[in-house]
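A.B. asks: Structure below; questions to follow.
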Amino acid sequence: MTSRRPVAMLVHSYYEEDPRVRREAEAVQASGRQVEVFALRREGDDAEGELAGVRIHRLDVQRHQGAGISTYLREYAAFMARAGVALTRAHRRRRFALVQVHTIPDALVFAALPLRLTGVPVIIDLHEAMPEFFRMRFPGASRPAVHAALLAQERASIAMASAAITVNDALAQRLVDGGVPLNAPMLARFDPSAHAARAFMADGTLRLVYTGALSKVYELDVALEALARLRAARPGLRVTLDLYGRDFDEVPLHDQAAALGLGDDVRFHGRIPLEAVPAAVAAADVGLAPTRRTEFTDFSLSTKIFEYGAMGKPVIASRLPMVEATFPRGTVTTYPAGDADALAAAILALVDDAPAREAAVARTSALVAGLAWERVSQPYLRLVESLARDHR
């Protein structure tokens with residue numbers, strides 16, 4: 001009987017904080033293959049670790065969110081070099097059946113080139129559209145020649161891999177042919193029955209929640225403006241906003257909240273473990289998924305929407321192409337990105353129309369259940385098994 005050899009994953013992120021990578025790694029682990037992940041190392045973390053049976057090799061590189069382009073390039077280069085060396089050394093002992101590389105950067109796939117040359121299959125998992133990401137993050141440096149070069153490295157990275165998957169159909173259509181699994185939550189983790197139920201505004205306070213990075217991609221400045229507009233429009237309505245996520249100091253949200261006089265109504269909780277997110281959502285009334293609209297985010301679909309819906313909460317999200325394509329009218333409430341007045345009006349509509357709110361929650365929950373990772377993971381696992389090389 002042929003033994004099932006392990007799978008390696010490379011990811012330029014902190015593994016514990018990356019829900020997509022964790023979902024895929026844990027799915028492969030549960031299928032009977034050992035998974036070893038090579039990831040960034042946070043200050044204070046051990047170089048080696050394990051989570052849900054997945055082995056973690058933390059390479060001594062940290063993330064510099066919000067830094068300049070030269071810092072990003074040095075960080076990418078340092079991680080690629082360390083990941084390539086660590087992966088090659090580990091392969092001598094472990095004889096990996098497959099390597100999966102999570103982007104960005106797309107070129108990280110070339111860290112697996114030594115294994116690819118010996119016949120080990122490589123999957124590239126494109127989490128973002130890197131050319132569009134670069135144009136959004138560094139608009140001053142995004143000249144036509146630079147954009148063309150990024151498109152070329154994207155194509156070269158995909159060509160180097162044995163197979164390519166990505167997070168949604170819009171990005172898949174631009175990159176590769178065929179369907180791919182959606183970026184959906186694990187319902188086993190987002191189970192409303194596992195947490196104390198909260199009736200809508202049970203204590204007379206409307207509790208809004210946001211879970212995710214506090215970066216400029218997510219228009220939390222617009223959310224704060226909307227909160228101030230709510231106060232003016234409905235003085236008797238008590239509204240709070242709980243923000244859970246790593247603050248990279250890209251947007252002065254603390255200063256803005258103080259300037260708007262929001263005081264203790266906006267609470268910054270910082271980063272919390274993924275396992276603690278469902279409880280934070282369960283304690284709220286409405287989940288917010290505000291995203292600035294750019295060429296980059298036109299290809300994105302926030303997992304926050306799925307997570308709020310799985311927990312039985314009404315959801316308000318920016319009106320982005322993938323949101324509208326995935327969630328039809330009568331499910332998620334949307335507003336034009338960047339419009340604080342429209343966001344405030346959307347929040348009040350949920351407060352004032354209980355039947356419509358409850359119907360939207362039921363429809364969204366049912367839709368999310370059909371798109372849950374537990375269901376859409378099967379094509380991904382079949383792809384892994386079809387590529388994995390268990391013979392020497």
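A.B. asks: Does the range 95-102 include one or more residues that are farther than 16 Å from SER157 by Cα and either at pLDDT below 85 or not in a loop (DSSP other than H, G, I, E, B) (or both)?
C.D. replies: Within the range 95-102, one or more residues are farther than 16 Å from SER157 by Cα and either at pLDDT below 85 or not in a loop (DSSP other than H, G, I, E, B) (or both).
A.B. asks: Now for a separate question. Residues that are open to solvent by 30 Å² or more (accessible area, probe 1.4 Å), within 24 Å of the chain's Cα centre (by Cα) and polar (S, T, N, Q): does the range 59-69 have at least one?
C.D. replies: yes
A.B. asks: Among the residues of the range 327-338, write down those that are buried (at least 22 other Cβ atoms within 10 Å of the Cβ) and of a type outside the set (Phe, Trp, Tyr).
C.D. replies: THR331, VAL332, THR333
A.B. asks: Checking ARG89 against (1) open to solvent by 50 Å² or more (accessible area, probe 1.4 Å); (2) touching a Phe, Trp or Tyr at 6+ places or on another chain (Cβ under 8 Å); (3) outside any loop (DSSP other than H, G, I, E, B): exactly one of these is not met. Which one?
C.D. replies: (2)
A.B. asks: Can you tell me which of (1) over 23 Å from ALA161 (Cα atoms); (2) of a type outside the set (Val, Ile, Thr); (3) assigned to a helix (DSSP H, G or I); (4) open to solvent by 40 Å² or more (accessible area, probe 1.4 Å) is the one TYR72 doesn't meet?
C.D. replies: For TYR72, the exception is condition (4).
A.B. asks: Now a separate question. Given the criterion open to solvent by 30 Å² or more (accessible area, probe 1.4 Å), of a type in the set (A, V, I, L, M) and either modelled with pLDDT under 95 or within 25 Å of the chain's Cα centre (by Cα) (or both), identify the matching residue among ALA223, ALA284, ALA233, ALA280.
C.D. replies: ALA233
A.B. asks: Then there is this: From THR297, THR291, THR240, grab the single residue that is modelled with pLDDT of 95 or more, closer than 23 Å to ALA342 by Cα and either exposed (fewer than 13 other Cβ atoms within 10 Å of the Cβ) or among the β-branched types (Val, Ile, Thr) (or both).
C.D. replies: None of the others qualify; the one that does is THR240.
A.B. asks: Filter the range 27-50 for residues that are over 14 Å from TYR14 (Cα atoms), more than 22 Å from the chain's Cα centre (by Cα) and free of Cβ contacts under 8 Å to residues at least 24 places away in the same chain and give the result.
C.D. replies: none
A.B. asks: Sort through GLU295, GLU250, GLU275 and tell me the only one that's at negative phi and assigned to a helix (DSSP H, G or I).
C.D. replies: From the options GLU295, GLU250, GLU275, the qualifying one is GLU275.
A.B. asks: Test ILE305 against the stated conditions and say whether it is farther than 30 Å from SER162 by Cα and open to solvent by less than 30 Å² (accessible area, probe 1.4 Å).
C.D. replies: Yes; evaluated as a whole, the condition is true for this residue.
A.B. asks: Given ALA344, ALA366, which one is over 16 Å from the mean Cα position of the chain (by Cα) and free of Cβ contacts under 8 Å to residues at least 60 places away in the same chain?
C.D. replies: When all the criteria are applied, what remains is ALA366.
A.B. asks: State all residues of the range 111-129 that are in contact with a strand residue (DSSP E or B) (Cβ under 9 Å, 6 or more places away or on another chain) and open to solvent by 20 Å² or more (accessible area, probe 1.4 Å); if no residue qualifies, say none.
C.D. replies: The answer is LEU113, ARG116, HIS127, GLU128.
The values are calculated or read from the model by the stated rules, or taken from the named source; none is laboratory data. Just so it is clear, the model here is predicted, and its values are computed rather than measured. We place every Cβ from the backbone using ideal geometry, glycine too, and count neighbours over all the protein chains shown. With ligands, DNA and RNA removed, areas are computed over all heavy atoms of the protein, side chains included. Shrake-Rupley method; radii C 1.70, N 1.55, O 1.52, S 1.80 Å.
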